[in-house]
Structure formats: structure tokens, C-alpha cells
Amino acid sequence: MRGDNIIDKHIYWRGEVSAAHHLNLNYESKCSKTHGHNYLVEVWIYGELNENGMIMDFSDIKDVVYRYDHKDLNNLLENPTAENIAIDILEGLRSPNLWRLRVRVWEDRDSYAEAEWMP
Ligand SMILES: [Zn+2]
């Protein structure tokens, strides 16, 4: 079959999400007060091409990621740390034709959390 000997097929997407959150922590932190971030979300998706010749339609990725845009993340997640946001995006992107999925959520230009799924 065409493409059988290709071992790495993947797509990459990134986009920015502006959102508010506060964290539920068992210690004193300024992060417990409601504040905002301009998150940069990066996505790497490895998998087989579907019948449309795509690993995933970029607009499907946007649908998953942009549902956080201009939202209070505490209405969507119990404790919206960067780690939990990355895991939630990862869950939303899972699909049977994929064999590796990586989501990186930058909270600011120096800090990110990453979640990876390999079925
Ligand atoms: Zn924060």
C-alpha cells in the first residue's frame, strides 16, 4: 500500500486561548484568586490517514481547543491547572486512527504542562 514504509506521519497545530481560572490548592497561593492567561496550546497528532486523506481535520482541533476561549475554566474543569487543561484537550482529540497524541499548554512564555497519549 502507498505510504506503508512511512514510519512518521503527523500533524502539528497551535493556537492561543484567553481564559480565566483560579486554582483549588491546599496551600496559600495567589493562583487561588481568579486571574487570566493567554494560553498557547500546541498539539502533535500521529496516526493513519482517514478516508479523507487526513490524520485529523485542523478545524476539528480548533473545535476542541477553542471551546476554552474567553471562558471561566472553572466552569469546565474542577481544578483547571495547565496539566488538567492539557489532559482534557487530549481526551477531546482521541480518535481510533491515532497512535500518538501530545498536547502542550503554555501558561506563560516560560512554563508549560504536557500530556501524551499512546494507546
Ligand atoms: Zn493561573
Revision key, fill the gap. Given the candidates Asn97, Phe58, Trp117, the one whose Cα lies deepest towards the positive end of the charge dipole of the stretch 9-118, counting +1 at each Lys or Arg C-beta and -1 at each Asp or Glu C-beta, is Phe58
Practice item. Calculate, axis by axis, the spread of Cα positions in the chain along the three principal axes, and write the results as whole Å, longest axis first. Key: 58, 24, 23
Review point. At 222 nm, what helix-only mean residue ellipticity would the chain give, in deg cm²/dmol to the nearest 500, using -39500 (n - 2.57) for each DSSP H run of four or more?
Key: -5000 deg cm²/dmol
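Which semi-axes, in whole Å and largest first, does the equivalent ellipsoid of the stretch 50-119 have when worked out from the alpha carbon gyration tensor as the square roots of 5 times its eigenvalues? Spell out each step's value before the answer.
Details: eigenvalues 105, 39, 25 Å².
Three semi-axes, in Å: 23, 14, 11.
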Practice item. Taking the Cα centre of the chain as origin, work out the dipole magnitude from +1 charges on Lys and Arg Cβ and -1 charges on Asp and Glu Cβ, in debye rounded to 20. Key: 120 debye
Exercise for review: For Lys9, list long-range residues whose amide hydrogen, built 1.01 Å from N in the peptide plane, is under 5 Å from its own amide hydrogen.
Suggested key: Gly47
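What order do you get for Arg100, Arg109 when you list them from fewest to most C-beta neighbours inside 10 Å?
Values: Arg100 14, Arg109 8.
With the fewest neighbours first, Arg100, Arg109 line up as Arg109, Arg100.
Which order do the peptides 24-30, 52-58, 79-85 come out in when sorted by mean C-beta neighbours inside 10 angstrom, highest first? Could the numbers behind the result be given before it?
Working: 24-30: 8.3, 52-58: 13.7, 79-85: 19.1.
Highest-to-lowest ranking by the protection proxy: 79-85, 52-58, 24-30.
If you take every DSSP beta bridge whose two residues both sit in the chain, what share of them, in percent to the nearest 5, is antiparallel?
On the way: 27 of 28 bridges.
About 95 percent, rounded to the nearest 5.
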Exercise for review: Determine ³J(HN,Hα), in whole Hz, for all residues of the stretch 26-43 in sequence, where each value follows from phi through the Karplus function 6.51 cos²θ - 1.76 cosθ + 1.60 and θ = phi - 60°; x replaces Gly and Pro.
Suggested key: 9, 8, 5, 7, 5, 6, 6, 8, 4, 8, x, 9, 9, 6, 9, 10, 10, 9
Review point. Helix 82-93 versus the longest principal axis of the chain: what angle, 0 to 90°, nearest 10, using Cα atoms?
Key: 30 degrees
Check your understanding: Lys pairs in the stretch 1-117, Cα-Cα under 29 Å, at least 8 apart or on separate chains: how many?
Key -> 5
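Bear in mind these aren't lab numbers, they're just calculated from the coordinates by the rules spelled out. Computed from a predicted model, the values in this text were never measured in an experiment. Note that we place each Cβ from the backbone using ideal geometry, even for glycine, and neighbour counts take in every protein chain shown.
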